[in-house]
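Remarks on the structure that follows.
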Amino acid sequence: MPIAEAHVKGATTVAEGSPTVRRRELGALLRRLRKEKDLTVDQVTAYLECSASKISRIETGQRGATPRDVRDLCDLYGVTDEAERERLVGLAREGKQQGWWQSYDLPFATPMYVGLEAEAVRIKDYDSGVIPGLLQTPGYVRALHDEPLPEPAREATPDLVDQRVEARLRRQELLTREKPPPLQFWTILDEAVLHRAVGGPSVMQRQLELVVERMQLPNVTVQVIPYSVGAHPALDSTFNILEFSGPVSNLVYSEGLAGFIFIERPEDVDRYQKVFERLSEMSLSPRQSADLMMKASRQYKDALKAAG
């Protein structure tokens, strides 16, 4: 089946799609065409008279391709079907568009992640430190920014914090939208997240109440790994597994003080899937998790009363 026929059905429009995902989709298709012709990256760069890093970045979706780049690659790969060529050129154009998140001043890796998140159909999240962004209250987000930002020479000015709160709330619309269907979000939290008083008792009381409220949505699942479990396979990790429909492959995103990483090799993604399944087995059920969160919320409420 020609590439155009394989992907035109159910294709996302420019207005609805994510340019980040379109770049990844185009890169995957171009990489497949190159391998079908048994060409190396060096052979392609010699033909186009460009750098190997340019071709590699296009194929991994880290860089957008121009329509001219795509037409030249189609000539090299022997793609003669006009509909197929136009489909690839269309992906290049869509990949050059601006996503809504690009108008916000976000941390370095965040725009790339948000672009992928915007078109994921399912996200599995494990966090040992904080409530995940898709479930955070504005007060919780602001409290996280009370500490210096992990970016060189950046000050958490009120305007910058306001921007990031607004962007966080826009991202959360993924959970309640009607079309396309809302994101399926499944998060597993270490119990420590419930007791880390980010922003103080008042912020945490409302934050935990919101998580329990969101758990009423059919597309949101929250589980807690209790302290009593002890050691588990992701004790020193945090990660998100992003799953997509269509030709875009699933991936894992992880970040920390040392930077961020996107993991794409199928065997590595599968390993994280297995770890997530194991964490789910070790966790409390959603109902038990909600009970534990409400218990913690009441403790924060009691602390507020005691403080007068």
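The aspartates and glutamates whose alpha-carbon is closer than 13 Å to the alpha-carbon of LYS179, local same-chain residues fewer than 8 away aside, are GLU16, GLU119.
Could you pull out the GluC sites (Glu not before Pro) across segment 242-300 that fall in loop regions by DSSP (anything but H, G, I, E, B) with no more than 16 other Cβ atoms inside 10 Å?
GLU264
Our coupling estimate for segment 35-43, obtained by passing each phi through the Karplus curve with A = 6.51, B = -1.76, C = 1.60 and θ = phi - 60°, is 5, 5, 8, 6, 10, 8, 4, 4, 5 Hz, Gly and Pro reported as x.
Here the dipole of segment 101-306 is about 620 debye; that uses its Cα centre as origin and unit charges on the Cβ of Lys and Arg (positive) and Asp and Glu (negative).
Here LYS305 is the anchor, and the lysines within straight C-alpha reach of less than 16 Å, apart from those fewer than 8 places off in the same chain, are LYS295.
Taking the C-alpha atoms only, the angle from helix 158-171 to the longest principal axis of the chain is near 70 degrees. The string of couplings for segment 18-30 from the Karplus curve (6.51, -1.76, 1.60, θ = phi - 60°) is 9, x, 4, 6, 4, 5, 5, 5, 4, x, 5, 5, 5 Hz, one whole number per residue in order, with x for Gly and Pro.
Principal-axis analysis of the Cα atoms of the chain puts helix 266-282 at an angle of about 20° to the longest axis. The lysines within cross-link reach of LYS35, meaning a Cα-to-Cα straight distance under 20 Å and a gap of 8 or more places when in the same chain, are LYS54. Rounded to the nearest 500, what is the 222 nm mean residue ellipticity of the chain from helices alone, with -39500 (n - 2.57) per DSSP H run of 4+ residues and division by all residues? -15000 deg cm²/dmol, from helical runs alone. Only one residue of GLY99, ALA46, ILE131 has its Cα farthest out toward the positive end of the dipole of the chain, where Lys and Arg carry +1 and Asp and Glu -1 on Cβ, and that residue is ILE131.
Net charge within 14 Å of THR238 by Cβ-Cβ distance, Lys/Arg positive one each and Asp/Glu negative one each, not counting THR238 itself? Around THR238, the surrounding residues sum to -3.
With an 8 Å cut-off on Cα pairs and a minimum separation of 6 or more residues, tell me the relative contact order of segment 8-97 in percent.
Numbers: 85 pairs, mean separation 37.3, N = 90.
Contact order relative to length: 41 percent.
Build a GNM of the chain with springs between Cα atoms under 10 Å apart, and of SER289, SER56, SER297 the one that fluctuates most is SER56.
The slack in the chain from LEU175 to ALA52, taken as 0.36 nm per residue of separation less the alpha-carbon distance, amounts to 40.3 nm. The phi torsions of segment 75-84, fed into the Karplus equation with coefficients 6.51, -1.76 and 1.60 and a -60° offset, translate into couplings of 4, 5, 8, x, 7, 10, 5, 5, 5, 5 Hz, rounded to whole numbers, with Gly and Pro shown as x.
Every read-out reported here was derived from the displayed coordinates using simple, explicitly stated rules and does not represent laboratory data. Quick caveat, the model's predicted, so the values are computed rather than measured. All Cβ positions, glycine included, derive from the backbone under ideal geometry; neighbour counts span all protein chains shown.
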